[in-house]
Each structure stands twice: as C-alpha cells, then as structure tokens.
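Written out below as structure tokens is the structure these notes cover.
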Amino acid sequence: MSTGFHVDKLSDEFGQYTLVLKCAECGHERKAEPLTLGRLCGWDARLEDVAKRMRCSRCGKKRCTLKAQFVYEELHAHQSRHCRISSA
Ligand SMILES: [Zn+2]
C-alpha cells in the first residue's frame, strides 16, 4: 500500500474522489459524486452501507458495489469541457 489512498466512509479523503457504482446483476456502471451521496446518506456512512441502499437505474436491483476512485479534478473538468464543445 504505497498510495495511502483509502476510503472507508464518504467523508474520507475529504470527498476528493469519484465513486464508481457497479451493478452485480446486469453490469451497469455509473459514477457518482461523494457530495451527492453524502447529502443522501450522511457523511459518516460507510461505502458498503451506501452500496446496499443504491438501486440500479437500469435493472432496478439492489445489488450495487461501490468503489472509490482517485481523480485529478482539474484534468477531469478539462476533459468534460472538451467533450461538450466537440459534441455541440
Ligand atoms: Zn443493474
């Protein structure tokens, strides 16, 4: 473990990460901001507890797994801006 990046609760790492939600039933994957889930479930909620409450938007099953993914916010913002311009 060299990175030191570890998220157990939503408030860990100051919420500076992206959550990847994956449905074990149909494989549907989507990303969520810790801010959104923090407001919904509380910042002290643990990832595994949050995952149990999530419902898949495609198949409606409650079989989501949650994974925290470290992101470089600036790079992320730049990329999404670029995408919006090229698709307009
Ligand atoms: Zn699903």
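No lab work stands behind these numbers, since they all come straight from the coordinates. Computed from a predicted structure; not experimentally measured. Virtual Cβ from ideal backbone geometry, glycine too; neighbours counted across all protein chains shown.
Assorted remarks:
- FRET efficiency, 1/(1 + (r/R0)^6) with R0 22 Å, evaluated for residue 62 and residue 14 via beta carbons: 0.20
- Taking 0.36 nm per residue of sequence separation and removing the Cα-Cα distance, the residue 49/residue 33 pair yields an extension gain of 4.2 nm.
- Figure legend: label point modelled 7 angstrom from the Cα of residue 40 along Cα→Cβ; residues of the stretch 50-64 with amide N under 11 Å from it are 50-57.
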